[in-house]
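These notes are about the structure you will find just below.
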Amino acid sequence: IGGTEPRSGNVLSSNNGNGIRIRESAKRNRILGNFIGTNAAGTAALGNQSAGIDLRGPGTEVLQNLISGNGRFAGPGIAISGNDSLVDGNYIGTDVTGTLPLGNRLAGITTGICVGVRIGMDGGPGNVIAFNFDNFDQDGSGISIRPISGGTAQVQIAAANSIHSNEGLGIDLRPFGVN
């Protein structure tokens, strides 16, 4: 979905659900070079009603996207429950420059029960995850790892990420919080 060539990325905004949903049966996808939740210039939030990306399919790469302004009702920039996925080189909660706020509501990234998820790569560009917030007092963190029903989450968060200026914790290990 998208691409790095000029005009090959999509603008996915103002939808009544998610901007993109990759279902459990969809394997080995790449989401690349899109503006998800913003205008075409990447300077204003238009948002999607829920998550910018709802990632359930295994082996998906989310690379070099602008993912901001999502969750008009309530939703993160990216919701991950698919295994073996990579999120790298994205601006999440910022404008196209990576410096001005266009936060997602709830969190920049949330994970559920998943294995082998990498947020940023050692030696890669990492993600800028900033300015995410929550008007419902439920989260507002940069990255929220929240396995449910006693499940586990195996998530690697690289040092290459820049996680700052979020309303909640930079990285929230729910339900444990800071430990």
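The values are calculated or read from the model by the stated rules, or taken from the named source; none is laboratory data. Here the structure is a predicted model, which is why all the values come from computation and not from measurement. Methodologically, a virtual Cβ is constructed for each residue, glycine included, from the backbone with ideal geometry; neighbour enumeration extends over all protein chains shown. Each accessible area value is taken on the protein alone, full model and side chains, heavy atoms only, with ligands, DNA and RNA left out. Shrake-Rupley method; radii C 1.70, N 1.55, O 1.52, S 1.80 Å.
Quick look at the values:
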| read-out | value |
| --- | --- |
| Evaluation of G140 against (1) more than 12 Å from the chain's Cα centre (by Cα); (2) surrounded by fewer than 19 Cβ atoms within 10 Å (Cβ to Cβ) (one fails), failing number | (2) |
| Residue in region 109-124 that is modelled with the highest pLDDT, counting only those that are open to solvent by 70 Å² or more (accessible area, probe 1.4 Å) and closer than 26 Å to G140 by Cβ | R118 |
| Some residue of region 125-134 being out of contact with any Gly (no Cβ under 6 Å at 6 or more places or on another chain) and not hydroxyl-bearing (S, T, Y) | no |
| Hits in region 57-78 - residues which are modelled with pLDDT of 95 or more and open to solvent by 20 Å² or more (accessible area, probe 1.4 Å) | E61, L63, Q64 |
